[in-house]
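The values are calculated or read from the model by the stated rules, or taken from the named source; none is laboratory data. All figures in this text were calculated on a predicted structure; none of them were measured in a lab. When we count neighbours, we look across all protein chains shown, and the Cβ atoms used for this are built from the backbone with ideal geometry, even at glycine.
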Amino acid sequence: MPTSLHKADWIAVDWGTSNLRAWAMTDQGEILAHANSPDGMGSLPPDGFEPALLRLIDSWLGAGTTPVIACGMVGAKQGWAEAAYAKAPCPASSDTLTRAPTHDTRLDVRIIPGVCQPDPADVMRGEETQIAGYLAHDPNFDGILCLPGTHTKWVHISAQEIVSFRSFMSGELFALLSQNSVLRHSIGDDGWDDTAFADTLDAVISRPETLAARLFSIRAEQLLHDQSPQVARARLSGLLIGAELAAAKPYWLGQPVVLIGAPQLTKNYATALAAQGVTPTVKQGDSLTLAGLTAAYSAQKDSK
């Protein structure tokens, strides 16, 4: 629930498939309050978005109309209102936001569009806001932004535009294999082994065609040699990230790379890239999401 009764000048919202996060903001960019809930897009019916948002932010609303700038899966076809994709190459921050239908006159909800790439076919929704947040602080950046997650994005940035990008399902594959495959009997819920991660990473980058066989060896090593669940977990991560790096080599080879995301994930990617001679810069994802939402609010306010 909200932790403050401050009235917001505007409200920033990051609405994903599983979670809803909101910040009460001043015009000067000060955070007055922050709240989150499990009311993600995936759990809501079409008429459930406005009530879910009001449950979280009602105490921040004044008597007048409060602007709400939202990003993420709230703009998907199954979301509150579909925000059509911008087509790459394109600026990370779009001037065209989609208004969501509301009944409460205190709300003016605008949704940031995602970005699509026709060939090879790819889409992002939410990551573009983190990218815009990064470019708000470093507008002259020319290189690669990598956003590790369920569907990791490798994004080529030049002249403040998203030039091209590729998505990798490494995070989702890790969850599926560790929880729903035969490997679930061998992999621990936590723990880590740096040596196992590094060894499997190198092996699959050198020979990515061996990935499927090396995956099953995780199970066999546990059955025959009593491999620990912690080692198995690190090996699975090393195999999947290694296969991803092998495929994404045209993006990171010889390029400046910035990692944007949660600390543990970015740490694993930084370790993997360092083994390939790349020293990435690491940025925290949440702060950049808020920076991107703030940039979108400022652009909307300036256009009025």
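Return only the number of the condition from (1) acidic (D, E); (2) under 25 Å from the mean Cα position of the chain (by Cα); (3) at pLDDT 95 or above that D190 does not satisfy.
(3)
Table: residues versus (1) closer than 30 Å to E221 by Cβ; (2) in a helix (DSSP H, G or I); (3) touching a residue at least 60 places away in the same chain (Cβ under 8 Å).
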| site | (1), (2), (3) |
| --- | --- |
| A234 | yes, yes, no |
| L240 | yes, yes, yes |
| A243 | yes, yes, yes |
| T266 | yes, yes, yes |
| T271 | yes, yes, yes |
| L288 | no, yes, yes |
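Among the residues of the range 209-220, what is the count of those that are closer than 18 Å to Q179 by Cα and of a type outside the set (K, R)?
Result for the range 209-220: 6.
Right, E172: in a helix (DSSP H, G or I), over 21 Å from L288 (Cβ atoms) and within 16 Å of the chain's Cα centre (by Cα) or not?
In short, yes.
Checking K267 against (1) farther than 30 Å from R21 by Cα; (2) basic (K, R); (3) surrounded by fewer than 21 Cβ atoms within 10 Å (Cβ to Cβ), which single condition isn't satisfied?
If we test K267 against (1) farther than 30 Å from R21 by Cα; (2) basic (K, R); (3) surrounded by fewer than 21 Cβ atoms within 10 Å (Cβ to Cβ), just (1) comes out false.
For (1) modelled with pLDDT of 95 or more; (2) among the small types (G, A, S), each residue gets a yes or a no:
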position: A63; (1), (2): no, yes
position: C71; (1), (2): yes, no
position: A76; (1), (2): yes, yes
position: A81; (1), (2): yes, yes
position: A84; (1), (2): no, yes
position: T105; (1), (2): yes, no
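Test A70 against the criterion of being among the aliphatic types (A, V, I, L, M) and surrounded by fewer than 20 Cβ atoms within 10 Å (Cβ to Cβ), and give yes or no. If you could, list the steps in order and put the result at the bottom.
Values: among the aliphatic types (A, V, I, L, M): yes; surrounded by fewer than 20 Cβ atoms within 10 Å (Cβ to Cβ): no.
When the stated conditions are applied, A70 does not pass them.
Against the definition (in contact with a helix residue (DSSP H, G or I) (Cβ under 9 Å, 6 or more places away or on another chain) and part of a helix (DSSP H, G or I)), how does A213 come out, yes or no?
no
Would you be able to say whether some residue in the range 32-50 is over 20 Å from the mean Cα position of the chain (by Cα), crowded, with 17+ Cβ neighbours inside 10 Å and within 19 Å of S287 (Cβ to Cβ)?
Yes; the residues of the range 32-50 include at least one that is over 20 Å from the mean Cα position of the chain (by Cα), crowded, with 17+ Cβ neighbours inside 10 Å and within 19 Å of S287 (Cβ to Cβ).
Restricting to the range 51-94, count the residues that are of a type outside the set (A, V, I, L, M, F, W, C), outside any strand (DSSP E or B) and under 21 Å from the mean Cα position of the chain (by Cα).
Result for the range 51-94: 9.
So the check is Cβ under 7 Å with 6+ separation or different chains; which pairs have a first residue in the range 200-219 that's under 13 Å from L240 (Cβ atoms) and a second one that's among the hydroxyl-bearing types (S, T, Y)?
The qualifying pairs are V204/T210; R214/T200; I218/S186.
Of the residues that sit in the range 98-133 and are assigned to a strand (DSSP E or B) and over 21 Å from the mean Cα position of the chain (by Cα), which one is surrounded by the fewest Cβ atoms within 10 Å (Cβ to Cβ)?
R99
Quick one: how many residues across the range 7-25 are assigned to a loop (DSSP other than H, G, I, E, B) and either touching a Gly at 6+ places or on another chain (Cβ under 7 Å) or surrounded by fewer than 23 Cβ atoms within 10 Å (Cβ to Cβ) (or both)?
Start the filter on the range 7-25 by keeping residues that are assigned to a loop (DSSP other than H, G, I, E, B), which leaves 7-9, 16-19.
Now narrow it down to the ones that are either touching a Gly at 6+ places or on another chain (Cβ under 7 Å) or surrounded by fewer than 23 Cβ atoms within 10 Å (Cβ to Cβ) (or both): 7, 9, 16-19.
Count: 6.
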